[in-house]
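Okay, so here's the structure we're looking at.
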Amino acid sequence: MRFLGNIEAKMDAKGRAFLPAVFRKMLQVSGEERLVLRKDIFQPCLVLYPENVWNEQMDALRQRLNRWNKQHQQVFRQFVSEVEIVTLDGNGRFLVPKRYLRLADIEQDVKFIGMGDTIEIWSNAKAEQHQMSPEEFGEALETLMDKEEE
């Protein structure tokens, strides 16, 4: 499953949004019915995980953590407890709880960004603020790709 591109949309007054059709089709093809919504760890956006991707992430994290280590347990608890299970209605809409909208500073205008196996939901204004300039992006990509060849 590869979610790609970015699509601008609007949330209604109740905090509902239509998942863009291109992303809905990908979920249908893969047989996914539920999504997991979480605030991003690093950025002021929300992340939608198809349930199987979420489960893989959760398993990968659990394998790296020791159940008998207090800090590891706190990290795992915080990672898995700050989520919301999301299902699309018959029209492809889903509800974003108000606390998540506040966490990501989302009001009405949003941007859905495909991130490969997940979908980010940004406030339109914040999405622009967190983009690299074309020059920064080129330099960062060059540095990353040079490291791969070493």
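The values are calculated or read from the model by the stated rules, or taken from the named source; none is laboratory data. Predicted, not measured: the structure shown is a model, and the values here were computed from it. We place every Cβ from the backbone using ideal geometry, glycine too, and count neighbours over all the protein chains shown. Areas reflect the complete protein model, heavy atoms only, side chains present, ligands, DNA and RNA absent. Shrake-Rupley method; radii C 1.70, N 1.55, O 1.52, S 1.80 Å.
Share of the stretch 1-79's accessible area from carbon and sulfur, percent, 1.4 Å?
Numbers: 2600 of 5270 Å².
Roughly 49 percent of what the probe reaches on the stretch 1-79 is carbon or sulfur.
At 1.4 Å probe size, with every protein chain present, just tell me what the per residue accessible area of the chain comes to in Å².
With all protein chains present, the chain gives 66 Å² per residue.
Calculate the all-directions average of the projected area of the chain's alpha-carbon convex hull, and give it in nm².
Average of the hull's projected areas for the chain equals 10.9 nm².
Given DSSP loops and a limit of at most 11 other Cβ atoms within 10 Å, what is the longest stretch of the chain that contains no such chymotrypsin sites (Phe, Trp or Tyr not before Pro)? Let's see the in-between values first.
Details: sites that count: PHE42, TRP68.
The answer is 69-150.
In the stretch 13-96, which GluC sites (Glu not before Pro) fall in coil by DSSP and have 12 or fewer other Cβ atoms within 10 Å?
Working: sites: GLU32, GLU33, GLU51, GLU56, GLU82, GLU84; in loops: GLU32, GLU33, GLU82.
When the GluC sites (Glu not before Pro) of the stretch 13-96 are filtered for loop state and at most 12 Cβ neighbours within 10 Å, GLU33 remain.
Heavy atoms only, probe 1.4 angstrom, no DNA, RNA or ligands counted: give me ARG62, ARG102 ranked by accessible area, highest first.
Numbers: ARG62 45, ARG102 170 Å².
Output order, biggest surface exposure first: ARG102, ARG62.
Note down the accessible area of THR118, probe 1.4 Å, to the nearest 10 Å².
For THR118, the solvent-accessible surface is approximately 20 Å².
Can you tell me the dipole magnitude for the chain around its Cα centre, using point charges on the Cβ only (Lys, Arg +1; Asp, Glu -1), in Debye to the nearest 20?
About 1140 debye.
List the GluC sites (Glu not before Pro) in the stretch 88-147 that DSSP assigns to loop (not H, G, I, E or B) and whose Cβ has at most 16 other Cβ atoms within 10 Å. Which are they? Don't skip to the answer; put the middle values down first.
Values: sites: GLU107, GLU120, GLU128, GLU135, GLU136, GLU139, GLU142; in loops: GLU107.
Here the GluC sites (Glu not before Pro) that fit, given the DSSP loop and packing criteria, are GLU107.
By how many nm would the segment from ASP117 to ALA9 lengthen if fully extended, with 0.36 nm per residue of separation less the alpha-carbon distance?
36.9 nm
Select from TRP68, TYR100, VAL53 the residue farthest towards the positive end of the dipole of the stretch 53-106; place +1 on Cβ of Lys and Arg, -1 on Cβ of Asp and Glu, and compute about the Cα centre.
TRP68
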